[in-house]
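The structure appears right after this line, and notes come after that.
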Amino acid sequence: MTGSVRTRFAPSPTGELHIGGLRTALFQWAFVQANGGKLILRIEDTDQSRYVEGSIENIIEGLRWLGIEWDEGPDVGGPHGPYIQSERLAKYQTVAGELRARDRAYRCFCSSERLSQLRKDQQKDGLSPGYDGRCRAIPPIQAEERALTEPSVLRFRMDRTGVTNFHDLIRGDVTFQNSLQDDFVIIKTDGFPTYHLAMLVDDHDMEITHVIRAEEWLASGPKHLQLYDAMGWSPPHFAHLPLLVDAQGRKLSKRFGDVSALDYRDRGYLPEAMLNFLTFLGWSLDDKTTHITGDELKQAFTLDRVVPNPAFFDVERLDALNGHYIRSLNPEPWSKNVAEWLSRDLPTDVPRPLDSALVSALAPLLQERITRLDEVATLSRFMFGDRPDYPMDLLVERIDGDSELAALTLDEALSALGDIEPLDWGLGSVEAAIRGLQDRLDLKLRKFVSVLYVAIMGAPRGIPLFDSIALLGREEALIRLQGARSKLP
RNA sequence: GGCGCGUUCGUCUAGAGGCCUAGGACACCGCCCUUUCAAGGCGGAGAUCGCGGGUUCGAAUCCCGCACGCGCUACCA
């Protein structure tokens, strides 16, 4: 591959950046990086009715979150701008005019009612649905006259003979019968181009060499190829990426739930984890690599290692990866993350800024038992003045309901911890005191420690107990133990 | 309905005629470690490579047919 590779990510501003779109962008970015090429971001807003305010910002934010950078786009400019299609209308009109001059496009006055009735009839008769070419034969002069008073669209005159085939970089040769093609709309009643025309014009203008997009576009290949041919332009290379699907094997959609890229960020997924996860949805490096960074990916990516079959978006795997990356974070950045998510999620009555000494003491205790950052607050809110509320049953849940043992454990803990001089309070003394309980109760620590967990944090599981008690402070720890004791007979 | 694409452990994948009695990872199970929960270490179970025909000394890998799934079938992208 030469250094002149150019590809583009071309989302529609119809809402939030879709996770499937993110994966497409990631592959495009990796491809371009691996080949010393350029990535172009282009906004395809030719459907005014679907435009959603803020979409462009959301898309850009989502791409940046993953570390994807582009060389040309609406925000960074470039030599082929503008990069928003609604600002390039004149270009589409020019090409449409050229197509008409070449008799490859004609006005169509058919109403949408007639068109949908036509489709219904065709389907009923087992025919391939498509425009029947009713307006094909209207003489151009006559069509222009009618256009003065009647709404019309512009259709592309497809060549219905022979076949169209092209080489897909991922699937190999693909062939379509031209007789099954129909004359599709290229300029809508409102004067805007459809996707097919706008894409063609822009890809040509922007000197795109590789069109990398999702498989759902495969079937429109013939349309695009004929359009290129009609204009006498040479087409780019095509690569259709496998779809991301849900557990039922269907294309990911809102039905699936979390389809917005940034929602994953907001639920505590690390960009490194998401990048790693998405990378292996359809691509692999070799027979054993399961972890990869953006830097490694942009060195190693090749389209010929993309598989053609769809991939299930398995959140369990994302979770595993996220846990992996959380654990691999150095103390500094991890602590920063904890502070951030704590102040985001802790109840509002906990005063901010948070006690930074406490936060950094807490951080290492959390690191190994968290999958998503939004679990940080849940696991540590008991440390921030939030006395646990729990039913008595929970105290004895893991000791076979033995409330006598629970009471004894609490009494002994109260006394052992109470014996520690306030000045001696610390992890060492607390641990010694609790461990000392083993002799007094003549039981292994693991046999009764759950009672203490519940008393201190309100659950039989959580971050390490000794640290928690030490961090909580002597007074507060004793109060909680007493509180637990008072629930028992 | 038509056309297109796809089909290897539950999942993501490795595999481009003999290296495959099919490898890795997640999930699952067990053991170890252990202050709970995790994490970590070790081990296990799990795929007659969608099915049926060929070609070949030999096929997950090549060819043909079938089945199933998905995608497309808009004045949406």
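The values are calculated or read from the model by the stated rules, or taken from the named source; none is laboratory data. Being a predicted model, the structure only gives us computed values, none of them experimental. Note: ideal-geometry Cβ built from the backbone for every residue, glycine included; neighbour counts use all protein chains shown. What goes into the accessible areas is simple: the full protein's heavy atoms, side chains included, and nothing from ligands, DNA or RNA. Shrake-Rupley method; radii C 1.70, N 1.55, O 1.52, S 1.80 Å.
Among the cysteines of chain A, those whose beta-carbon sits 4.7 Å or more from every other cysteine beta-carbon are A:CYS110. Could you give the distance between the Cα centres of the stretch A:166-217 and the stretch A:422-456, to the whole Å? Comparing the Cα centres of the stretch A:166-217 and the stretch A:422-456, I get a distance of 70 Å. Checking the cross-link pairs A:LYS223/A:LYS288; A:LYS288/A:LYS336; A:LYS444/A:LYS487; A:LYS336/A:LYS447; A:LYS251/A:LYS288; A:LYS91/A:LYS120 against a 31 Å limit on the alpha carbon distance flags A:LYS223/A:LYS288; A:LYS288/A:LYS336; A:LYS336/A:LYS447; A:LYS91/A:LYS120 as lying beyond it. On a C-alpha basis, how far is the centre of the stretch A:340-408 from the centre of the stretch A:75-90 in Å? Whole number, if you could? One Cα centre to the other: 52 Å. Starting from the Cα of A:ARG50, step 7 Å along the direction of its Cβ; do the same at A:THR302; then give the gap between the two resulting points in nm. Label-label distance for A:ARG50 and A:THR302, simple model: 3.6 nm.
Applying both filters, DSSP loop and at most 11 other Cβ atoms within 10 Å, to the trypsin sites (Lys or Arg not before Pro) of the stretch A:241-340 gives A:LYS288.
Keeping all protein chains in place, calculate the accessible area per residue for the stretch A:311-357 (probe 1.4 angstrom), answer in Å². Mind dumping the intermediate values first?
Working: 2790 Å² over 47 residues.
Using a 1.4 Å probe on heavy atoms only, each residue of the stretch A:311-357 averages 59 Å².
If each of A:LYS444 and A:ALA137 carries a label point 7 Å out from its Cα toward its Cβ, how far apart are those two points in nm? Inter-label distance under the simple model: 9.2 nm. Were the residues from A:ALA147 through A:VAL76 laid out at 0.36 nm apart, the gain over their Cα-Cα distance would be 21.6 nm. Run through all the Cα pairs of the stretch A:32-128 and give the fraction in each 5 Å bin from 0, expressed as whole percent. Percent of Cα pairs in each bin: 2, 9, 12, 14, 14, 13, 11, 10, 9, 5, 0. Cα centroid separation, the stretch A:1-73 to the stretch A:237-282: 15 Å.
For the stretch A:329-381, pairs of C-alpha atoms spaced more than 13 angstrom apart make up 51 percent of the total. Helix A:112-124 and the longest principal axis of the C-alpha atoms of chain A enclose an angle of approximately 80°.
State, as an integer percentage, the relative contact order of the stretch A:243-369 based on alpha-carbon contacts under 8 Å between residues 6 or more apart.
Working: 93 pairs, mean separation 34.0, N = 127.
Relative contact order comes out at 27 percent.
Each stretch of four or more DSSP H residues adds -39500 (n - 2.57); spread over every residue of chain A, this sum gives -14000 deg cm²/dmol at 222 nm.
Hey, what's the stretch A:88-241 come to in accessible area per residue, 1.4 Å probe, Å²? Before the final figure, lay out each step's value.
On the way: 7400 Å² over 154 residues.
Solvent-accessible surface per residue comes out at 48 Å².
Its alpha carbons considered, the stretch A:392-485 gives a radius of gyration followed by a Dmax of 11.9, 37 Å.
Volume of the convex hull of the stretch A:88-241 (Cα atoms only), normalised per residue: 123 Å³.
Once neighbouring chains are kept in place and the probe is 1.4 Å, which whole percent of the accessible area of chain A is contributed by carbon and sulfur? Summing carbon and sulfur atoms, their accessible area is 49 percent of the total for chain A.
Across all Cα pairs in the stretch A:99-186, the calculated P(r) in 5 Å bins from zero up to the longest distance comes to 3, 12, 19, 20, 17, 13, 9, 4, 2, 0 percent per bin.
Please list the three semi-axes, largest first and in whole Å, of the ellipsoid equivalent to the stretch A:283-368, using sqrt of 5 times the eigenvalues of its alpha carbon gyration tensor.
The answer is 37, 15, 11 Å, longest axis first.
Name the longest site-free stretch of chain A, where the excluded sites are GluC sites (Glu not before Pro) in a DSSP loop with no more than 11 other beta-carbon atoms within 10 Å.
Working: sites that count: A:GLU53, A:GLU368.
In short, A:54-367.
Computed from the Cα positions only, the extents of chain A along the three principal axes stand at 103, 49, 41 Å, in decreasing order. Against chain A, whose longest principal axis is taken from its Cα atoms, helix A:55-66 shows a tilt of about 60°. Length available on full extension from A:LEU262 to A:THR14: 0.36 nm per residue minus the Cα-Cα distance, which gives 87.8 nm.
Within chain A, antiparallel bridges make up roughly 55 percent of the DSSP beta bridges whose residues both belong there.
Going by a ≥ b ≥ c, the root eigenvalues of the Cα gyration tensor, does the stretch A:62-117 fall in the rounded group (a/c under 1.5), the prolate group (a/b larger than b/c) or the oblate group?
Details: a/c = 4.11, a/b = 1.88, b/c = 2.19.
Cα axes put the stretch A:62-117 in the oblate bin.
Look at the alpha carbon pairs under 8 Å that are at least 6 residues apart: their mean separation over the length of the stretch A:88-241 gives a relative contact order of 24 percent.
Contact order for chain A, expressed relative to its length and based on alpha carbon pairs under 8 Å spaced 6+ residues apart, stands at 12 percent.
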